[in-house]
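Data first, discussion second: the structure below is written as structure tokens.
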Amino acid sequence: MTAHPTELATQQAPGAAPETLVLAVDEMHCGACLRSVERAALRVPGVESARASLAAKRLSVTFDPKQAGEVDVIAALDRIGFTAAPIEAVQQDRGDARQKYLLRRVAVAGFAAMNIMLLSISVWSGEGGSMDPAVAALFRWLSALIALPTVVYAGQPFFASGFAALKGGRLNMDVPISLAIILATGMSLYQTMLNHQHVYFDAAVTLLFFLLVGRYLDEALRVRARGEAQNLLSLQGGIATVLGADGVQRKVAAHALHPGDRLLVATGERVAADGAVREGRGQIDQSLITGETLPVGVKPGDQVYAGTLNLTQSLKIEVTAADSATLLAEISRLMLAAEQGKAHYRRLADRAAQIYAPAVHGLGLATFLGWLAFGAPWQTALTYAISVLIITCPCALALAVPAVQIAAASRLFKRGVMVKAPDGLERIAEIDMVVFDKTGTLTLGKPQLIDETDISDADLAPAAALAAASHHPYAKALVVAAQARLGAVQPASGIEETPGEGLVCREGKSEERLGSAAWCGAEAENSEGAEVWYRRGQERPVRFRFADAMRPDAAETVAALRRQGYAIALLSGDRAGIVEETAQATGIDNWHAGLKPAGKIAWLEARAKEGRKVLMAGDGLNDAPALAAAHASISPATAADISQRAADFVFQGAKLSPVIEAIKTGRRARSMAFQNFGVAAVYNAICVPLAMLGFVTPLIAAIVMSTSSILVTLNASRLAGGGRS
Amino acid sequence: MTSLAWLIPAALALAGAGLVAFLWALRSGQFEDLEGAAYRALEDEPPDDEIT
């Protein structure tokens with residue numbers, strides 16, 4: 001991903017060993033962003049080179065470790081409005097090496113195919129007419145000279161994979177491919193030596209070229225998916241504030257934290273690592289971990305988890321090792337077990353190969369025996385048998401799935417859905433049930449003012465004016481509600497904030513207070529915690545209640561899925577009352593509350609036993625094992641990183657409709673893959689009898705093979721259409 | 001027929017030059033960032049590694 005690190009590194013002073021840093025940069029979309037990111041990084045003293053990549057959304061920086069550190073670069077980018085996070089060294093390889101390995105072979109095969117075709121066309125059009133037989137022989141030898149090294153070099157990926165499959169006692173698509181290419185080349189060489197006309201060098205090399213293109217597309221999809229996933233995970237880890245022994249605060253990337261580090265978590269920040277509270281009391285939003293919407297109180301000694309949101313007061317926490325966290329350890333154990341179950345899934349192309357390879361080899365053998373039985377000499381019988389193998393070589397079949405999947409992935413990418421596992425597209429097409437998590441999936445995981453009609457404008461306006469001064473999530477929600485109802489909110493002046501308690505303004509005629517029930521002197525009856533009180537002077541305090549906001553199209557999406565015939569269920573770790581409310585609001589009657597991660601898995605396993613194929617949509621840490629266990633899975637981009645790792649798809653934005661889009665695209669991709677298999681089948685139905693009867697000439701082989709490959713690719717590209725939405 | 005003696009080598013050499021050029025471009029990182037390169041072409045200022 002770095003373009004010229006070696007060239008640029010020569011500029012540094014001798015002696016200092018420069019370090020290379022790769023950062024994932026969010027929101028880098030245009031040429032101007034690219035330049036400002038590079039310039040900002042270069043202005044950091046000690047940075048020697050900076051090269052950004054728009055395609056990878058990454059910045060590669062070399063710097064002198066004595067003068068600069070990764071934190072300086074991140075801070076410089078932060079000042080110009082870009083969020084950046086370092087990518088761990090083990091994750092930097094996006095599989096580029098393999099992609100280049102294939103691209104080199106595509107180029108060589110393309111070169112060879114072009115030139116051999118040039119020579120072949122001359123022979124086809126001239127031989128038997130005006131062409132000197134000696135020239136035809138010369139052209140065939142030239143073709144052999146180009147084809148042999150090409151097949152040896154460019155055929156490697158297929159030979160290696162086919163051989164590995166045979167060694168393991170399996171059959172995959174690469175076995176018939178390798179066999180056809182080797183036999184075609186070998187027989188053509190033999191025919192060339194005898195100066196006969198059954199020479200298939202052009203077909204063999206063109207075939208290789210198309211197959212390599214398919215393989216390259218497949219790999220490119222994988223590389224892009226992997227890179228995107230790594231960027232997301234790195235960015236989510238984020239930056240933590242570490243308190244040094246001397247009391248100095250430093251910003252450190254979350255992945256560089258060690259057990260024993262002391263962190264300062266400000267109000268409204270996410271906890272960057274698992275740890276124990278050392279100082280401060282407050283409330284923590286654990287919805288990402290447990291699915292519960294109501295804040296949980298913490299005091300010194302309590303355990304807090306990475307990804308939870310600090311709501312009220314800044315806390316000092318001490319980082320503990322991740323493996324000591326019992327919850328995480330259990331989640332990991334459940335996930336491992338769940339993933340093993342999914343490993344049995346066999347990809348469509350492999351399943352096709354399982355039927356295809358024996359059929360093709362059987363036909364080849366039948367041709368050989370048949371011609372022998374009719375008294376043909378064994379050389380003729382073998383020639384025809386080999387031409388059957390060549391003509392049936394699954395070129396279109398091998399392109400059918402990757403061409404469709406890359407088109408489907410780029411269609412989804414334009415609509416904000418990232419395909420993390422290419423075979424996820426196949427699995428999502430098979431589902432018949434969609435299971436949602438509540439918090440963060442059906443809802444946004446953000447508080448929203450409820451019971452708005454009970455609150456008068458006269459109360460809302462001044463309360464929002466006070467709230468505008470605070471970063472507390474409830475205060476922000478209050479401001480949003482006021483803006484929606486009253487337009488702009490004028491922030492009040494002279495406000496004092498007492499963390500964990502509330503805000504006070506003493507400048508007006510009478511004192512105004514906004515905060516907890518105790519802060520406003522209110523009688524907290526049936527208090528649920530998710531509330532803020534407002535009091536002006538000695539008037540009666542007003543209560544503002546908050547609940548988790550639904551995704552704007554949650555009910556629509558659920559209804560649309562139901563219309564399409566999917567069974568819908570809601571599984572949540574939250575308490576029954578709240579889950580029921582959400583279920584009613586979205587029109588889901590099959591809901592289950594208070595489920596632990598193991599409970600969700602057990603529920604999914606029971607459905608799997610009934611023969612259901614479930615798409616799990618979830619975001620929390622508590623959903624991760626269920627995501628891994630379900631037939632297919634999707635997560636919002638705000639999900640816990642372990643969940644994004646487990647999910648097949650990740651979608652962005654506040655809307656839930658990408659779930660429908662992912663299912664729809666998966667189904668269309670599958671039907672298109674079957675159409676492509678159909679094209680391949682029709683082609684075989686026409687050509688195989690001809691080949692078995694010995695009518696196939698090298699010219700026919702070359703034409704039909706290319707046409708079927710191009711047809712399949714064009715068909716797949718229909719799926720990629722459509723703009724961004 | 002003697003024309004073949006130079007036409008064929010010429011055809012192979014031309015195509016070979018194309019192949020070599022592509023492999024060079026691949027190796028030297030021309031395909032690393034296809035989107036960014038489109039914008040870099042419009043940049044008036046020289047690249048940073050030529051300023052220093």
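The values are calculated or read from the model by the stated rules, or taken from the named source; none is laboratory data. All values derive from a computational prediction rather than experimental measurement. In this analysis, Cβ positions are derived from the backbone assuming ideal geometry, glycine residues included, and neighbour counts consider all displayed protein chains.
Tell me, yes or no, whether the stretch A:663-680 has at least one residue that is over 33 Å from the mean Cα position of the chain (by Cα) and over 30 Å from A:Ala272 (Cβ atoms). Before the answer, list the steps.
Of the stretch A:663-680, the ones over 33 Å from the mean Cα position of the chain (by Cα) are none.
Within the stretch A:663-680, not a single residue is over 33 Å from the mean Cα position of the chain (by Cα) and over 30 Å from A:Ala272 (Cβ atoms).
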Next on the checklist: Within the stretch A:543-581, take every residue that is modelled with pLDDT under 85 and among the small types (Gly, Ala, Ser) and give me the one that is surrounded by the fewest Cβ atoms within 10 Å (Cβ to Cβ).
Outcome noted: A:Gly577
Item to check | Sole residue being within 22 Å of A:Ser706 (Cα to Cα) and modelled with pLDDT of 85 or more, chosen from A:Ala180, A:Ala204 | outcome: A:Ala204
Checklist entry - Taking the stretch B:19-45 on its own, how many of its residues are at the interface with chain A (Cβ under 7 Å from one of its Cβ atoms), outside any loop (DSSP other than H, G, I, E, B) and under 23 Å from A:Gly110 (Cα atoms)? => result 5
Next on the checklist: Condition first: surrounded by 20 or more Cβ atoms within 10 Å (Cβ to Cβ) and in a loop (DSSP other than H, G, I, E, B). Now tell me which residues in the stretch A:422-454 satisfy that.
Outcome noted: A:Ala429, A:Ile431
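Mind listing whichever residues of the stretch A:125-142 are away from chain B (no Cβ under 11 Å) and crowded, with 17+ Cβ neighbours inside 10 Å?
If the condition is that a residue be away from chain B (no Cβ under 11 Å) and crowded, with 17+ Cβ neighbours inside 10 Å, then A:Glu127, A:Ala136, A:Arg140 are the ones that fit.
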Checklist entry - Looking at the stretch A:126-155, which of its residues are modelled with pLDDT of 95 or more and on the phi > 0 side of the Ramachandran plot? => result none
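Can you tell which of A:Ser125, A:Ser120, A:Ser178 is touching a Phe, Trp or Tyr at 6+ places or on another chain (Cβ under 8 Å) and within 21 Å of B:Ala15 (Cβ to Cβ)? Before you say what the answer is, go through the steps one by one.
On the way: A:Ser125 fails: touching a Phe, Trp or Tyr at 6+ places or on another chain (Cβ under 8 Å); A:Ser178 fails: within 21 Å of B:Ala15 (Cβ to Cβ).
Residue meeting the stated conditions: A:Ser120.
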Checklist entry - Given the stretch A:461-579, what strands (runs of 3 or more DSSP E) lie entirely inside it while holding 3 or more residues that are over 30 Å from A:Trp591 (Cβ atoms) and in the same structural domain as A:Ala630 (by TED's automatic domain parsing)? => result none
Item to check | Residue identified as facing chain B (nearest Cβ under 9 Å) and at pLDDT 85 or above among A:Leu42, A:Leu23 | outcome: A:Leu42
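Looking at A:Thr83, is it at pLDDT below 85, within 24 Å of A:Ala225 (Cβ to Cβ), within 14 Å of another protein chain (Cβ to nearest Cβ) and in contact with an Asp or Glu (Cβ under 9 Å, 6 or more places away or on another chain)?
no
Looking for whichever is surrounded by fewer than 21 Cβ atoms within 10 Å (Cβ to Cβ) and not acidic (Asp, Glu) here; the options are A:Gly521, A:Gly502, A:Gly515. Which one fits?
Residue meeting the stated conditions: A:Gly521.
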Next on the checklist: Quick check on the stretch A:397-411. Is at least one of its residues in a helix (DSSP H, G or I), over 12 Å from A:Gly214 (Cα atoms) and in contact with an Asp or Glu (Cβ under 9 Å, 6 or more places away or on another chain)?
Outcome noted: yes
Checklist outcome for this item: For the stretch A:674-725, the count of residues that are surrounded by 15 or more Cβ atoms within 10 Å (Cβ to Cβ) and outside any helix (DSSP H, G or I) equals 3
Checklist entry - Condition test on A:Ala273, is it touching a residue at least 40 places away in the same chain (Cβ under 8 Å), more than 15 Å from A:Lys316 (Cβ to Cβ) and either surrounded by 19 or more Cβ atoms within 10 Å (Cβ to Cβ) or in contact with a Leu (Cβ under 9 Å, 6 or more places away or on another chain) (or both)? => result no
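Residue by residue, here is whether (1) at pLDDT below 80; (2) within 14 Å of chain B (Cβ to nearest Cβ); (3) within 19 Å of the chain's Cα centre (by Cα) holds:
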site	(1), (2), (3)
A:Ala52	no, yes, no
A:Gln67	no, no, no
A:Arg94	yes, yes, yes
A:Gln99	no, yes, yes
A:Leu102	no, yes, no
Checklist entry - Here is a list of conditions, (1) free of Cβ contacts under 8 Å to residues at least 60 places away in the same chain; (2) closer than 26 Å to A:Ile663 by Cβ; (3) not in a loop (DSSP other than H, G, I, E, B), and A:Asp589 meets all of them except one; can you say which number that is? => result (3)
